[in-house]
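> This is the structure I have questions about; it appears just below.
Just so it is clear, none of the values below were taken in a lab; they were calculated from the coordinates. As the structure is a computational prediction, the values presented were derived from the model and not from experiment. Here Cβ is always computed from backbone atoms with ideal geometry, including for glycine, and neighbour counts include all displayed protein chains.
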Amino acid sequence: MGEWIRFFIVAALLLLALACFASAVLGVWRFGYVMNRMHAAGIGDSLGIFCVAAALFIAGGPSWEEAKALLLVFFLWFTSPVSTHFLGQVEFFNSPDLPVYAAAGKEEGDGSRRNGNC
Amino acid sequence: MKEKFWRWLDGSREYLEDASDMDETPYREREEVKTQIRERNDSLDKRRGTRAVIRAEEKGFRLLYSWVAVISAIFLIGVLLYVVSYLPRYGQENPQTTLVARRYLEDGVRETGAINAVAGMILDYRAFDTLGESHVLFTALVCVMILLEKDRKNMRRGYEDYYRITGEGFYTPNRDGIMQAAGFVLLPSILLFGIYILLNGQNGPGGGFSGGTVLGSGLIIFTMAFGFDTVDRIASRRLLKGVTVVALGFYSFAKGYVFFTGANGLESHIPKGTPGAILSGGLILPLDIAVGLVVACTMFGFYSLFRRGSIGGKGKACSGKKAGTGAGTKAEGKDNA
Amino acid sequence: MALGVTEIVKILLLVLLIVCAISVNVTRSLLQSVIIFMAYSSIMCILWIFMESPDLAITEAAVGAGVSGVLFLLTLRRIREEDEDSSEDDGNTDF
């Protein structure tokens, strides 16, 4: 019985991680504007990675390897927001039409136009 | 006189102290040469006809270039495939070429004292190759210094110090609180990981090159978080240069000693130690440390040269320039917009 | 012939490697080329681990995806600033 409960928890966590990554990939693929794409990528980087590590932790039981995996998650939770912050800063300082987006609140538009030259 | 001699030995040059000291003549000369070239091109256009002819020539050259590139690439691919067809099949053992590998794998631990067979190979059996690689890195660093180091004649606008000296704003994320907090937490673990890889080369995966690159990346992140002013206090020019030269010299002398005493069946006086301990493997650990220090200094030197045009600090001659630095950081974010 | 999961992952990674290697040359924008090159290095790092050489994997991750990418980006910035200095616009600057 306990094994089955553990299996279902692990499966649910892995499916959640898969959903996170799927939404991240979809968002990076489909969103037109840099900030939205960054947000989409951040979901996969933080919650998806954490779900995978937690599933492994539950599946394998407490051991040093799982502790190392959790340390990796800690590391990624530090690095990913910092890189996102810098990307956003570059966009904030370099984009001429950022206030337009902020005012109109629209996510489509010609943001993809600047993909090539930024 | 003595100071001059030391400066000559040090290789340091006179750096710019002030914005009024800046020599603008290279720019003016460059602009003049550019206008001359433009005028000459215009007159050539007039003489030879329209620009369309030149365009057609360029188009033909591009067509020829792409065709020659494709044909030579196909030729090269054919040669490579022909050679590959003589190799043994994937996963199949070739008795002629695996003799050396088997000797290394079976007797490596006993002969070199290193559990990691790769470390035993690259730092004991074939340490001469690694010495050459270290010198290649050193030579690359010297070439980049020759090309990119800034002094009175090579002061381009691309360097950050140009903007600092002239007082213009240049966007640098140095004083970023988020990056500093992240660096405060992450840097110890990164540097510790690099040292762990460096010291553990004979027992597990790792060694000089990997540990050195991780250490260099840690220094680069340190620079990104806290700025060059902080890093210069730790990794000054004199320190980087001394570490590189001392490490390369130690490698050369130690390996020369081993080649002359141990490699010909003579007795080597360096103990092997018990395999598995940190102090084991004879000379592998010191050589690992030497290679790692060279690699780390090279990586950081590349970054520093590419970003601001000088390696390490500028020495004591130019330390009193806080005013320009403050102006540069205060006006950050304006320029790059 | 039965393919295990490892084999399928390896083949996928190899195909991605080839795609990356081709698109580094084909891409018009230099910045995108640099980013694809870093992705190439990351894939190569995973492949080194599959080939049981973690030494090379660490080096590849640190050098290929880290340091050389940083150097390429710094070079791109310098190139762009030098181009802004010289006011020749022939349409040759495509990044």
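> Take the Cα coordinates of the stretch A:2-89, assign each an equal point scatterer, and use the Debye formula without solvent to give log10 I(q)/I(0) at q = 0.19, 0.24 Å⁻¹.
-0.86, -1.10
> Separate question: Per residue of C:71-78, count partner chain C-beta atoms within 10 Å of its C-beta, then hand back the mean as an integer.
Average neighbour count from other chains, rounded to a whole number: 4.
> Moving to a separate point now. Please report B:LYS150, B:LYS34, B:LYS4 as a ranked list, fewest other C-beta atoms within 10 angstrom at the top and most at the bottom.
So the residues, fewest neighbours to most, are B:LYS4, B:LYS34, B:LYS150.
> What is the order of B:TYR251, B:TYR196, B:TYR65, B:TYR125, fewest Cβ neighbours within 10 Å to most?
The most exposed by this proxy come first: B:TYR65, B:TYR196, B:TYR125, B:TYR251.
> In peptide B:208-215, how many Cβ atoms from other protein chains are near each Cβ within 10 Å, on average?
5
> Further, regarding this structure: What's the FRET efficiency of B:HIS135 with B:THR261 using the Cβ-Cβ distance as r and R₀ = 22 Å, to the nearest 0.05?
Rounded to the nearest 0.05, the efficiency is 0.45.
> Using θ = phi - 60° and the Karplus relation 6.51 cos²θ - 1.76 cosθ + 1.60, list the HN-Hα couplings for the stretch A:75-80 in order, rounded to whole Hz, with x at every Gly or Pro.
Once θ is set to phi - 60°, the couplings for the stretch A:75-80 become 4, 5, 5, 7, 6, 5 Hz.
> Here is a further query. Per-residue mean of other chain beta-carbon atoms within 10 angstrom of the beta-carbon, peptide C:50-62?
Taking the mean over all residues of the peptide, I get 5.
> In addition: May I have the convex hull volume per residue, in Å³, for the Cα set of the stretch C:42-81?
So the per-residue hull volume is 40 Å³.
> Something else about it: On the Cα set of the stretch C:10-84, report Rg and Dmax in Å, please.
Every Cα atom of the stretch C:10-84 included, Rg and Dmax give 13.9, 47 Å.
> Within 10 Å, count the other beta carbons around each residue, average over each peptide in C:56-65, B:55-64, and list them highest first.
So the peptides C:56-65, B:55-64, ranked by packing, come out C:56-65, B:55-64.
> Still on this structure, please answer the following. Rounded to the nearest 0.05, what FRET efficiency is calculated for C:LEU76 and A:THR79 with R0 set to 25 Å and r the Cβ-Cβ distance?
My answer for the efficiency is 0.65.
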